[in-house]
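A.B. asks: Next up is a structure, given as structure tokens.
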Amino acid sequence: MGVERNWRESGMIRPYDPNDEEAVAGLVSQSWGLDWQGGSYPPYGPATDEPAFLRTVVAESERRVVGFGSIWTAPMHPHALYSAVGVEPAQQGCCFGRQLMERLLALRGPRASLRMQTGIWETNERGARFLRHHGFAPVRKTWEPILPVTSELLGAAPKLQRAQAVRVARCKRAGYVISALSELARDRAWTVKVAALCAEVYAATHLINPPAMVSRSTWEEIVFGDPEDPLLERGSFVAMSGDDPVAFALLHPSPEPGILELGWRGVAEGHRSWSRSLVLALTFEQVFYAMREGSDLRAEVDSTDPWAMMMYQALPFRPAAAWVTWQRPPGE
């Protein structure tokens, strides 16, 4: 009771003010690290409703910001209301986190009909207890491991190439031909097919938080025309069945020297009995591409993504910390 009384006397929860920018940025760095999602997670700022909903509140004690919380929506995933709460380490356990979460819940309005979603590192035991107390449960783990191509796989290249030749030949006998995107003559109809396949796979791997229904032209732009995440067409591969792309594995550059980013991969419905063979055949083509480029590979692997998990379990990725996604049922 003493801690609670002291908080009531000296602390307050109030809306975010632009003057809070420096303090909240420091709390973001303390809680999530500047390197997590490029320092863009979680968003915070003045209240907005368009193009996306955002509400941020801060906890103030003795005229100093010691915590903050945000709730927001994301146009690509409109079925969830995202949330984050961060409190100074020295102030944790002093009721600020609970009060921030209660204020965020009160600010949802009609968006209380959406499931709430947040994330913390797997090692954050205090955060896990806090989320369970507020009705959240873990639904997914995400790893961003490095595949040490140049230091560990390069020496085994002849053996890996022989195994890959067998894998590709087996796929070919089943009617699948594997090619780099750069090797294929294609028209608009073909790119629409690839974009539609990417959309199908993305939806299948995000059942816990479905994506928005967007046009095929939007998916074309996401896959082929995103200037912030360009496609390496010589390192991205597709499996064709006749004239139809039925499996794919994308590759992207990285701002970090000596690293390439493994992107989405997956298999079309109707061909998924061949998922493991196709995904590994496509992925090993990317490994050999990385060998030629003198680069290691980094992946983003969700536990809810069966194709990324096939890759993760088959290749010697280095251990990586898990980011855990938590959800709270709608209406609570």
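A.B. asks: Among Asp244, Asp226, Asp187, Asp305, rank each residue by its count of other Cβ atoms within 10 Å, from fewest to most, as a rough exposure measure.
C.D. replies: Working: Asp244 15, Asp226 11, Asp187 7, Asp305 22.
By the 10 Å Cβ count, ascending, the order reads Asp187, Asp226, Asp244, Asp305.
A.B. asks: Could you please state, rounded to a whole Å, how far the C-alpha centre of segment 38-67 is from the C-alpha centre of segment 126-161?
C.D. replies: Between the Cα centres of segment 38-67 and segment 126-161 lies a distance of 29 Å.
A.B. asks: At a threshold of 8 angstrom on Cα-Cα distance, excluding pairs fewer than six apart, so keeping six or more, what relative contact order does the chain reach in percent? Display every interim value, and only then the final one.
C.D. replies: Details: 561 pairs, mean separation 69.9, N = 332.
The normalised contact order for the chain reaches 21 percent.
A.B. asks: Under a no-solvent Debye model with one identical scatterer per Cα of the chain, what's log10 I(q)/I(0) at q = 0.15, 0.16 Å⁻¹?
C.D. replies: -1.22, -1.32
A.B. asks: Next up: Need the list of lysines near Lys159 for cross-linking: C-alpha distance under 26 angstrom, and skip anything on the same chain fewer than eight residues off.
C.D. replies: Answer for Lys159, where 26 Å is the Cα cut-off: Lys172, listed by chain and number.
A.B. asks: Hey, can you grab everything whose amide H is under 5 Å from the amide H of Arg115? Only 5+ residues off in sequence or another chain; H modelled, so Pro and N-termini drop out.
C.D. replies: Counting only residues 5 or more places away or on other chains, the set is Leu81.
A.B. asks: Could you list Leu232, Leu297 so that the one with the fewest beta carbons within 10 Å of its beta carbon is first and the one with the most is last? The partial results should precede the final answer.
C.D. replies: Details: Leu232 19, Leu297 28.
Ascending Cβ contact count within 10 Å gives the list Leu232, Leu297.
A.B. asks: For the pair Glu102/Arg126, report the inter-label distance in nm, with labels modelled 7 Å from Cα in the Cβ direction.
C.D. replies: Output for this residue pair reads 2.0 nm.
A.B. asks: Okay, next question. How many angstrom lie between the Cα centre of segment 271-295 and the Cα centre of segment 177-224?
C.D. replies: Their Cα centres are 18 Å away from one another.
A.B. asks: About the Cα centre, and with charges only on the beta carbon of Lys, Arg (+1) and Asp, Glu (-1), how big is the dipole of the chain? Nearest 20 debye, please. Please list the in-between numbers first.
C.D. replies: On the way: 34 positive and 38 negative charges, 252 e Å.
Rounded to the nearest 20 debye, it is 1200 debye.
A.B. asks: Once phi is turned into ³J(HN,Hα) by the Karplus curve 6.51 cos²θ - 1.76 cosθ + 1.60 with θ = phi - 60°, what whole-Hz value does each residue of segment 191-208 show in order, with x for glycine and proline?
C.D. replies: So the Karplus estimates, Gly and Pro as x, are 5, 4, 4, 5, 4, 5, 5, 4, 5, 4, 5, 4, 5, 5, 9, 10, 5, 6 Hz.
A.B. asks: Listing Glu233, Glu50 from the residue with the fewest other Cβ atoms within 10 Å to the one with the most, what is the order?
C.D. replies: Details: Glu233 15, Glu50 5.
Neighbour counts put them in this order, fewest first: Glu50, Glu233.
A.B. asks: Work out from phi, with θ = phi - 60° and the Karplus expression 6.51 cos²θ - 1.76 cosθ + 1.60, the ³J(HN,Hα) of each residue of segment 44-60, listed in order in whole Hz, and give x for Gly and Pro.
C.D. replies: Rounded to whole hertz, the list is 7, x, x, 4, 9, 10, 9, x, 9, 6, 8, 9, 10, 10, 10, 9, 10.
A.B. asks: Something else: So what is the relative contact order for segment 2-140, in percent, with contacts set as C-alpha pairs under 8 Å and at least six apart?
C.D. replies: Details: 191 pairs, mean separation 28.6, N = 139.
For segment 2-140, the relative contact order is 21 percent.
Taken together, the values in this text are just the output of simple stated rules run on the coordinates, not laboratory data. Model, not experiment: these values are computed from the prediction. Note that we place each Cβ from the backbone using ideal geometry, even for glycine, and neighbour counts take in every protein chain shown.
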